[in-house]
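Below: the structure, in structure tokens.
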Amino acid sequence: MLEDVLSNYGEIFEVWFDGANGEGPNGKRQVYDWPRFHEVVRRLQPNAVIFSDAGPGIRWIGNERGEAPITNWANFDRDRYLPGTPLSMDLPEGSALGRFYVPGECDVSIRPGWFWRASENARVKSPRRLLDLYEASVGRNCTLLLNVPPDDRGLIHENDVKALTGMRTLVDRVYSTSLVPAGATATASSTLGGETDGFRAARVLDADLDSWWAPAGEARTGSLTVALGAPVTFDRVRLQEYVALGQRVSLFEIEAEVDGRWQRIATGTTIGHTRIVATAVTTTSRVRVTIHDARGVPMIASVSLHDTSRGRGALR
């Protein structure tokens, strides 16, 4: 069956191995040859990511609510686990000491159930709720797997389509661009190699995630100060690490200068590919991000500011 599915239906993005055995309380225990399954996927769909409790490419986040924990390491010791593992309490946060890069995936349905029912046509999650789930999954160093079941016509119901379209609109309105002005500048407590070798602190304000800021030497702490030039109002800060060289940050702080004094507006642990941090509505012309601890030299690829009120009221 796996050979057929992976051979005759074009490019497959992800192969999802659930943890359920299905044998029932008195049934025969089923044993799976996971190395053989993985070999088939890699041979027939080499670009597909493999999901299960243990990965090997991407792991379950431990719930079906679509929400990751605040602390979330992509690092993971996947050899300890198999689909249906009794150690599922280990899955949500990953491990700072994990030997493999296995990001979490948050699965949730757009409806109360996983399959289409006419009785649930009025219970599709709203665009605003879907934006919340985006922030709680993608915004916490995970991917979001949103289940959208076909109806009895074999089509996606119009209510689901409306919700998905609204979600896309909200994500674009809030996160497609940063509120950091084009003329903003960034300075750092120290910079790897100095200010002339391509690691300028100001690069974190660009959309290019192939560059980064890192503190000098082997330091695992440091700070970035962003001068906006004029006051900006925001309620979200998006941070991104240069994860091509690993996830590193384990403790950070965000401050805003208000009435000439620095005020803490948020703290956090892990960042990873993307960390969206909610703050109180803040208006400031200077923002400071301080890395207090990391498992290696921190490498920050992006700092951006966003305002969720840009989508408020337009879609419910």
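Values in this text are rule-based calculations from the coordinates and carry no lab data. All values reported here derive from a predicted model rather than from experimental measurement. As a convention, Cβ positions derive from the backbone with ideal geometry for all residues, glycine included, and neighbour counts pool all protein chains shown.
Some observations on this one:
- Angle in degrees between helix 127-137 and the longest Cα principal axis of the chain, rounded to the nearest 10: 80 degrees
- For Ser285, residues with placed amide H under 5 Å, excluding near neighbours: Val232, Glu257
- Proxy reagent accessibility, fewest Cβ within 10 Å first, across His157, His273: His273, His157
- In the chain, excluding the sites themselves, the longest stretch lacking any of the GluC sites (Glu not before Pro) that are in a DSSP loop with at most 15 other Cβ atoms within 10 Å is 65-194.
- Largest first, the three principal axis extents of the alpha carbons in region 2-175 are 41, 38, 37 Å in whole numbers.
- Whole-Hz Karplus values for region 90-100 come out as 7, 5, x, 8, x, 8, 4, 9, x, 8, 10 Hz, taken residue by residue from phi with 6.51 cos²θ - 1.76 cosθ + 1.60 and θ = phi - 60°; glycine and proline positions read x.
- Placing a pseudo-label 7 Å from each Cα along the Cα-to-Cβ vector at Arg43 and Leu245 gives an inter-label distance of 3.9 nm.
- Taking the C-alpha atoms only, the angle from helix 34-44 to the longest principal axis of the chain is near 80 degrees.
- Ranking of Lys162, Lys28 by neighbouring Cβ atoms within 10 Å, starting from the fewest: Lys28, Lys162.
- Order by protection proxy (mean Cβ within 10 Å, highest first), peptides 177-184, 282-289: 282-289, 177-184
- Remark on Thr191: its backbone amide H falls under 5 Å from those of Ala216, a criterion applied only to residues 5 or more positions apart or on other chains, H modelled at 1.01 Å from N.
- Per-residue extension of 0.36 nm, minus the Cα-Cα distance of Thr233 and Ser190, leaves a gain of 12.7 nm for this segment.
- FRET efficiency, 1/(1 + (r/R0)^6) with R0 35 Å, evaluated for Thr283 and Asp77 via beta carbons: 0.20
- Per residue, the convex hull spanned by the Cα atoms of the chain amounts to 164 cubic angstrom.
- Integer Hz, Karplus 6.51/-1.76/1.60 couplings in order for region 224-235, x for Gly and Pro: 10, 10, 9, 9, 7, x, 8, x, 10, 9, 8, 9
- Two-site FRET efficiency, Ala207 against Ile12, from Cβ-Cβ distance with R₀ of 25 Å, rounded to 0.05: 0.25
- Of the residues Val258, Gly272, Leu245, the one whose Cα sits farthest toward the positive end of the charge dipole of the chain, with +1 on the Cβ of Lys and Arg and -1 on the Cβ of Asp and Glu, is Val258.
- Between the amide H of Asn75 and those of Ser95, Val102, distances stay under 5 Å, these residues lying 5 or more places away or on another chain, with hydrogens modeled in the peptide plane.
- Looking at region 7-65, the chymotrypsin sites (Phe, Trp or Tyr not before Pro) that sit in a DSSP loop and have at most 13 other Cβ atoms within 10 Å of their own Cβ are Tyr9, Phe13, Tyr32.
- The residues packed around Arg111, meaning those with a beta-carbon under 12 Å from its beta-carbon, carry a net charge of +1 if Lys and Arg are +1 and Asp and Glu are -1.
- With neighbour counts taken as other beta-carbon atoms within 10 Å, the residues Arg29, Arg129 rank, fewest first, as Arg29, Arg129.
- DSSP bridge pairs, the chain: antiparallel proportion in percent, nearest 5: 75 percent
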